[in-house]
Amino acid sequence: MAQLDAVEAFLARLAMPEVACSLNTIWLDARLLPAYASLVSFPILFTTIASSTSNKSSTEAIGDTAVPQSLRQRIDAFIKQRGGWSIYTFNVVRTLAATTLVGLTIAAIVLSSEEWHDVARGTSQVPLGGGRPWDKLWDCTGRAEVGLLVGYAYAAILALCALVLSGSARASCSFHAALVLFVQFLVFAWRNLLPLAAFEGVPADGTIPWLLWTRGSLVTVVGCVLPGLVPRVYIPYDPVNPAANPAPEQTASLISFLFCGFLEPLILMSYQLPSLPYDKLPPLPDTDWSENLRKRAVTKLDPMVRRQLGLKERHLFIGLTEIFFWDWVKMAVGLMLQVIVGFLGPIGLNRLLTYMEKGGEGATIRPFVWISSIFLAPVLNALPLNLYNFVSTRMAVQGESILAQLIFEHALRVRSTDETAIPDSSSTTPATNTPTAASNIPNGTERPTLNEPGTETDTLVDTDGRESENCESQASTSAPSGTESTRGNKPIDQKTTAHHDVHLSGKINNLFGTDIGNVLSGRDFLVVLLNCPFEAIMAAWFLWIVLDWAAVVGMLFIVVTLPVPGMIGNMMQGTQSRMMQKKDVRAQSVTESVGIIRMIKMFGWESLVKQQLVERRMDEVRYIRLKKLLNIVNMEVGGMLPMVTMIITYAFWTLVQKRELDAARVFSSVPVFEMLRGDMMTMTMLLSNIVEAKVSLDRITAFLRSSHLLDKCQQQADEVSFSREDQQVAGDVIGFHNARFTWAEPSAGVVVSGQRDFCLHLDHLIFKEGELNIIVGPTGCGKTAILMALLGEMHFDKQGVESWFNLPRQHGIAYAAQESWVQNDTIRVGERGLTLSGGQKARITLARAVYSGAQILLLDDVLSALDVHTARWIVSKCLQGDLIEGRTVILVTHAVTLVTPISDNVISMNAHGQVISQGRLDGNLELDPILKEELEESNKTLQIIDKSEEDQNPVESTQGADGKLVAEEEMTEGRIRWATVHLMIEAYGGVFFWVFLTLAYTIAVGCEIVSTWWLAHWAQAYERSTGDVNVPYYLITYIVLFLLQETAWSVAQVFYTFASARACQYVHDALCESVFRSNLRWIDSTPVGRIISRFTGNLSEFDNGLTSLAEIMVRTTLSLVLRLAVILYMTPLFAIPSAVVLTLGLGLGHLYIHTQMSIRRLRSNWRSPLFNHLNAAVAGLISVRAYGAEDSFKAELRRRADAYSRPSRTFFNLARQAQWASTRTDVLRGLFASGLAAYFLYGRMGIGASTTGFSLAVAMEFSGSILTWVRYANMFELAANSLERIRDYLVIDHEPVPTERGKPPAYWPASGAIQVRNLSARYSKDGPTVLHNVSAEIRSGERIGIVGRTGSGKSSLALALLRLVPTEGEVHFDGRLTSDLNLDALRANIGIIPQDPTLISGTLRLNLDPYSQHDDAALYSALKAAGLLPASGVSNSTDLNLDSTVANAGSNFSVGQRQLIALARAILRRTRVLILDEATASVDGDTDAIIQASIRDELKHATLITIAHRLLTIMDYDKIMVLDGGKLVEFDTPWALLQNENGYFRSLVDASGDKQRVFAIAEKAGASAAAR
């Protein structure tokens, strides 16, 4: 340790600076440094002030321009302009102190003129002055004092200027004054404080003590203390738009900033409240405002903006580097400083123990210096770490906002059908015919909603599994609409089937929910690139100094074994990849299952879905367990290698080099070996994060650069115009000429095998301006594609100079999608409009378009979800009303008989997508015989019937005034609840497991403490022994203890891993059982995103976070307790200090955790609105672009991003390594360890160095364990919040549990007879009644039609029969009371085709027969009966077969096709009762007729209950049930109801356009019934 001795000697020389003063060396005197600093400062200051004056910003005039009237107001305004009262008071104190220092320095110069013998005080230094006034000694020392005087005078003048000036000049003067005074303090400290550290050192300026310490006290206060305590002046990021209330971190003093003191008011306030309100959070710094961040980043990251500016494209990482370069520089400085100060502890401990071993012999530095270093090491280590964490987390918040805006703005440019693949985060796997959706989802712990059903882009996705077609012949040979047809002929394994491509919404959600998080988690790459290598170099240097060549041997062992962790890391990466694939498959299944949970409950498929989810969870848990086992191996190897290195080093030192292993070497090297151990573990953990971040950066970059954009967003140089601006077309014509459209550019890439190469070709099609234009045609003919082409959603492939299309936008465009796009906040609408009927959603979508100021309205089949009366009312009062007059309307519709007679331009299309006629109705009838035949009878009966005022308002809302449509996000208050802890205990197997784990870890921790004691015992042997020490005995014993320790660790962790895997499965199964047994009201009032979040984000946090933290908490708690016991045993006197430190540490942790829990909950809750806005925008992407609302949606995203960033910023300030709590516990740690060291040095002088070293090692571990326990307790409780959120979903309202008593006999049901008696229903127990005392009897095999206006209770009756809503009264099904039956038995025997049909991803076979109960012949028969296949069994346009791919939620089928598939599924089940809830609303009339005929043939033995809007559909039924306002108003045969001229049903028939046909069908049906 000669090098450390030399370092100590150097410090002693530094503490006693050369004091000889002469004229030749005076310019090197330290007292002239303030004068030099003043000389450098003055020109810089002058230049700065002159520059700021000449370039004075006009923004200084911004603010309150009112002239203060009173003296107090003038004073307040004057002080405010100079930083406020706190800063101004500091400037006053500094001015007074600097002036006083000027006077004291003048006194020192005067006193230097006294005689030599009057001044000298017998010191070894030259006294102040030198005797006679003009001798050489006076000149030397006097001139040096003049240097101090210059500095003080300059600082006083600047301080005075800071009092009177304002603006940037004041700030510059204040800064330079502080800088000069700080130099003065450094000079004082070096000359007079530093010498006190050496045994022979004395203050250099101590000739006149009172003068020395007076000046020293003043310069310390104004040069060091006050500048660290005074608040900083707020400097706005944008002077034009300053923050009204700056964030505390922007005005915090330097000391408050470094010690996180600016968080204390928030923590103390939060502790006094059960839950912290959002408005009590600190304001978001203006540096983090999304608008400012966008300005800062847009030109560096956005590829479109860069192309517009002529800048070349580059990887996202390069742009982020440019944005955050100086942040990374600050982080690098913080990491370097943290490493350097980290060695203060080992050096101080080495020097202190050396002093004790030698009894102070040869020491030059006083031992209190080394004790101080033990105190300062953790404190100073915390400060640069706080700086690093602050900058790092600020960058995370800013980066999240920047990337969110970047992706969102780019998403608004992407074509809605874009399926461009983005790089996968997982490793390459063998190709299969049906790759899973997991291959497109990155690694991560949280999965958002991938693609919810009901988005308006669902029907626009042309997915894989379709045969490739020749685009040129498309227009004439096949249906061109990718929106309304599907193809496929590949056999697909149902067990592994998933959507080949993630839908656009799923892709963007993945980027938002996973990739942004992955990118931000890689921000610690500097730790791997800089911190760990630099610390390893420093550690090697220190060990070389302490242990010589033995350290080299040990380090060589680490170098040789470095590949071992890499090999294990590769195995972990492969396991992680496979685990993420399994996780993504489960997440996809959960997302889809939850999205169609209503359908699952209607069909009684809960057991099937739960079984599938449980099986997929088991596959995932299997890899979770394997990953944890590999992690144990990795951690053991990473932890053992440095320890084995230490053993090798000690063995080489003692056995080979024959040197003594004294206490100083042992207990100063052990913490350094621990540093190496920590570095290896840190690098192992962070490398995976960095790899994930790199992959996610690649994915985002690929999305930004490779997505298929709308034509108008393309910026390539060879872009062709898609508008008609260069064509000779008069006026604002709307239409096409020789126009060809595809969903993607032909150059976008080779079409994948099985993918359809779709195109639309329109020779000449012009829409009439200011008139009603309608597009009609059979299902699947391409009507929607025309609207998409007009809106620019399809790629325009220009065919020549005469090729054009045009849609003028200067007067506004309004668009109503076929699948209504409804946002949560619109007229109190529930999520995706689930609380509204289909007709209500359609009318809201239509109203949004009609009441907009747009001149052109594009309406896509808005009448299909409405009943006849409501549709007629819409046509009469809306489409023919004043609001539409003079506006251009283009309407796609199947309601031919209602709309075509009032249209000025009818465009008729055939099944192949060809426009066969256009123009006025009379001309079209000659060209289109089918249209002519359909309208002939309609024209005879068409009439507009004036209705009463009541009829003009078809329905009133039944929602109560106080009813909540969407439940508020849950946010618990206070600490984690016992019920959550109990759930975790039970999940792991009960109390016995935790007892065994505690015993195992007690052995492990005990062996660790004993092994440290054994090292002390070994070192003590050299102190006591006069001969040779038995080194092999001590070494082997230490190795045995080490192996026993590691064995106990391994056994405990393996045991824990298997139990945690069981807990993961247990919690998932409980959540799955609870959610799928919930009632319909809870499902409708709980957003799908929240439910999915429990299955993905919260469950992932439980899998990866909580299960790991629970094990760490047990281990850390035992470590804390056992080390405290050792300290009390070794030093009973420290029982009270130990209790104080423990109490304060736990108290700090309690304060911190309470605050952090509240803020985390706020952050989680404010994250939802941000992602809801994203999902809503992507779901309605076409509508947003059609309305031209991109800017408003961007602004709303920025507003929500700021609202989310506010709690995020506070959360990270608190959370990252528990900065506030850790800084204070570090102070406690330093005080405790240094106090114990001082006690052993001065209080128990007879104790040996080995005992001192062991005690200090345990004390440091104990005090560090307090910090560790606080950190992990906080992390545990925060992570437990995820389990708490899961548990909240275990105690929701549930449907009755199946019982043995509720199982019907095997023969039931033998018939489809239903008796209803006084049936009333409501959607919740406390909600309004929606059905009122309905009584009816339905005989087996009867066909019953249910009619009524929109909202009359038709669908509610269907739900009541299935017991999906709370009911009163009795319903008997085949003689059994349905309330006594198990729900699965009831719903399995009552089939239903819901109003909003939904499919599950996989194959058509899986959707028809999920239980595999039927052969292919039966499946094909059902498809034919539903009209999906012609009677011949060969599809001429759809190419459907049983292995055709069904995308997520059936998005590759049109709405009408999805209804037909649902109908085929119901036909196949052949239940005794079948309910059709407007099942043919989205198909054309001819198809509806075919379907009804098939139903009559295929389901003639079943009781059929049909809710219909088309009266013709049900006129041949046995009876018709008429509902109004939830009441049964009429129930009889159709013919009987028609005879009542004043009846409700008769009024509906009279209002329709099919009165004569209705009467004819009813009369015929009545006659047939009478004949039977």
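The values are calculated or read from the model by the stated rules, or taken from the named source; none is laboratory data. Computed from a predicted structure; not experimentally measured. Glycine also receives a Cβ, built like all others from the backbone with ideal geometry; neighbour counts cover every protein chain displayed. Each accessible area value is taken on the protein alone, full model and side chains, heavy atoms only, with ligands, DNA and RNA left out. Shrake-Rupley method; radii C 1.70, N 1.55, O 1.52, S 1.80 Å.
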| query | Can Val1040 be described as free of Cβ contacts under 8 Å to residues at least 12 places away in the same chain, of a type in the set (A, V, I, L, M, F, W, C) and either open to solvent by 60 Å² or more (accessible area, probe 1.4 Å) or not in a helix (DSSP H, G or I) (or both)? | reply | yes
| note | Listed by first then second residue, the pairs whose first member lies in segment 1519-1538 and is without any contact (Cβ under 8 Å) to a residue 40 or more places away in the chain, whose partner is part of a strand (DSSP E or B) and of a type in the set (A, V, I, L, M, F, W, C), with beta carbons under 6 Å and at least 6 positions apart or on separate chains, are Val1529/Val1522; Glu1530/Val1522; Leu1537/Ile1520
| Tally of residues being of a type in the set (Val, Ile, Thr) and modelled with pLDDT under 90 across segment 268-288 | 0
| said: Is it the case, given these coordinates, that Phe368 is open to solvent by 50 Å² or more (accessible area, probe 1.4 Å) and either farther than 30 Å from Val519 by Cα or of a type in the set (Ser, Thr, Tyr) (or both)? | reply: yes
| Within segment 1036-1082, which residues are out of contact with any Asp or Glu (no Cβ under 8 Å at 6 or more places or on another chain) and among the acidic types (Asp, Glu)? | Asp1069, Glu1073
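Got a number for residues in segment 1186-1209 being assigned to a helix (DSSP H, G or I) and open to solvent by 10 Å² or more (accessible area, probe 1.4 Å)?
14
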| query | Restricting the search to segment 289-315, which residues are at pLDDT 90 or above and charged (D, E, K, R)? | reply | Glu291, Arg294, Lys295, Arg296, Lys300
| message | Conditions first: (1) crowded, with 20+ Cβ neighbours inside 10 Å; (2) within 20 Å of the chain's Cα centre (by Cα). Asp698 passes all but one, so which condition is the exception? | response | (1)
| field | Checklist (1) more than 40 Å from the chain's Cα centre (by Cα); (2) within 26 Å of Ala911 (Cβ to Cβ); (3) modelled with pLDDT of 85 or more applied to Ser1435, failing item | value | (3)
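Which members of segment 608-642 meet the condition of being of a type in the set (A, V, I, L, M, F, W, C) and farther than 22 Å from Ser1108 by Cβ?
So in segment 608-642, the residues of a type in the set (A, V, I, L, M, F, W, C) come out as 608-609, 613-614, 618, 621, 624, 626, 629-630, 632-633, 635, 637, 640-641.
Residues satisfying the conditions are Leu608, Val609, Leu613, Val614.
Just to be sure I understand, how many residues within segment 85-102 are small (Gly, Ala, Ser) and open to solvent by 20 Å² or more (accessible area, probe 1.4 Å)?
The first filter runs over segment 85-102 and keeps only residues small (Gly, Ala, Ser), leaving 86, 97-98.
From what is left, the residues that are open to solvent by 20 Å² or more (accessible area, probe 1.4 Å) are 86.
Qualifying residue count, segment 85-102: 1.
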| query | Which ones in segment 632-649 are open to solvent by 40 Å² or more (accessible area, probe 1.4 Å) and in contact with a Gly (Cβ under 7 Å, 6 or more places away or on another chain)? | reply | Ile648
| field | Among (1) closer than 30 Å to Ser372 by Cα; (2) in contact with a helix residue (DSSP H, G or I) (Cβ under 6 Å, 6 or more places away or on another chain); (3) part of a helix (DSSP H, G or I); (4) open to solvent by 20 Å² or more (accessible area, probe 1.4 Å), the one test that Gly1235 misses | value | (2)
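Identify the residue in segment 1060-1082 that is open to solvent by 10 Å² or more (accessible area, probe 1.4 Å) and assigned to a helix (DSSP H, G or I) and, among all such residues, is nearest to Thr998 (Cα to Cα).
Kept after step one, since they are open to solvent by 10 Å² or more (accessible area, probe 1.4 Å), are these residues of segment 1060-1082: 1062, 1065-1066, 1069-1070, 1073, 1077, 1079, 1081-1082.
Narrowing the set further to residues that are assigned to a helix (DSSP H, G or I) leaves 1062, 1065-1066, 1069-1070, 1073, 1081-1082.
Working: Arg1062: 19, Gln1065: 23, Tyr1066: 22, Asp1069: 27, Ala1070: 27, Glu1073: 32, Arg1081: 44, Trp1082: 41 Å.
Out of the qualifying residues, it is Arg1062.
Within segment 712-735, can one find any residue that is in a helix (DSSP H, G or I), modelled with pLDDT of 75 or more and open to solvent by 40 Å² or more (accessible area, probe 1.4 Å)?
Pass one, segment 712-735, residues in a helix (DSSP H, G or I): 712-713.
Still in the list and also modelled with pLDDT of 75 or more: 712-713.
Now narrow it down to the ones that are open to solvent by 40 Å² or more (accessible area, probe 1.4 Å): 712.
Yes.
Is at least one residue of segment 662-671 touching a Lys or Arg at 6+ places or on another chain (Cβ under 7 Å), surrounded by 22 or more Cβ atoms within 10 Å (Cβ to Cβ), touching a residue at least 12 places away in the same chain (Cβ under 8 Å) and farther than 23 Å from Leu1043 by Cβ? Explain how you work it out, then say what you get.
In the first step, residues of segment 662-671 are kept if they are touching a Lys or Arg at 6+ places or on another chain (Cβ under 7 Å); the result is none.
No.
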| Which of the following residues is in a helix (DSSP H, G or I), under 20 Å from Trp1049 (Cα atoms) and of a type outside the set (Val, Ile, Thr): Leu1124, Leu1099, Leu1118? | Leu1118
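Which of the following residues is within 30 Å of Asp1524 (Cα to Cα), hydroxyl-bearing (Ser, Thr, Tyr), part of a loop (DSSP other than H, G, I, E, B) and open to solvent by 40 Å² or more (accessible area, probe 1.4 Å): Ser1335, Ser1311, Ser1324, Ser1340? Give the steps one after another, and end with the answer.
Details: Ser1335 fails: part of a loop (DSSP other than H, G, I, E, B); Ser1311 fails: open to solvent by 40 Å² or more (accessible area, probe 1.4 Å); Ser1324 fails: open to solvent by 40 Å² or more (accessible area, probe 1.4 Å).
When all the criteria are applied, what remains is Ser1340.
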| request: Output the residues belonging to segment 768-801 that are more than 20 Å from Val889 (Cβ to Cβ), assigned to a loop (DSSP other than H, G, I, E, B) and open to solvent by 10 Å² or more (accessible area, probe 1.4 Å). | output: Pro778, Thr779, Asp797, Lys798, Gln799, Gly800, Val801
| task | Output the number of residues of segment 621-631 satisfying the condition of being open to solvent by less than 20 Å² (accessible area, probe 1.4 Å) and either aromatic (Phe, Trp, Tyr) or modelled with pLDDT under 90 (or both). | result | 1
| Is segment 1361-1380 home to any residue that is touching a Pro at 6+ places or on another chain (Cβ under 7 Å) and in a strand (DSSP E or B)? | yes
| message | I'm checking my understanding of the structure. Among residues of segment 1506-1563 that are in a helix (DSSP H, G or I) and of a type in the set (Ser, Thr, Tyr), which one is least open to solvent (accessible area, probe 1.4 Å)? | response | Thr1513
| said: Against the definition (crowded, with 24+ Cβ neighbours inside 10 Å, at pLDDT below 85, in a helix (DSSP H, G or I) and over 36 Å from the mean Cα position of the chain (by Cα)), how does Ala1218 come out, yes or no? | reply: no
| query | Which of the residues that make up segment 902-926 are open to solvent by 10 Å² or more (accessible area, probe 1.4 Å) and either within 18 Å of Leu846 (Cα to Cα) or at pLDDT 75 or above (or both)? | reply | Ile902, Asp904, Asn910, Gln914, Val915, Ile916, Gln918, Gly919
| message | Given the condition free of Cβ contacts under 8 Å to residues at least 40 places away in the same chain and charged (D, E, K, R), answer yes or no: does some residue in segment 239-261 qualify? | response | no
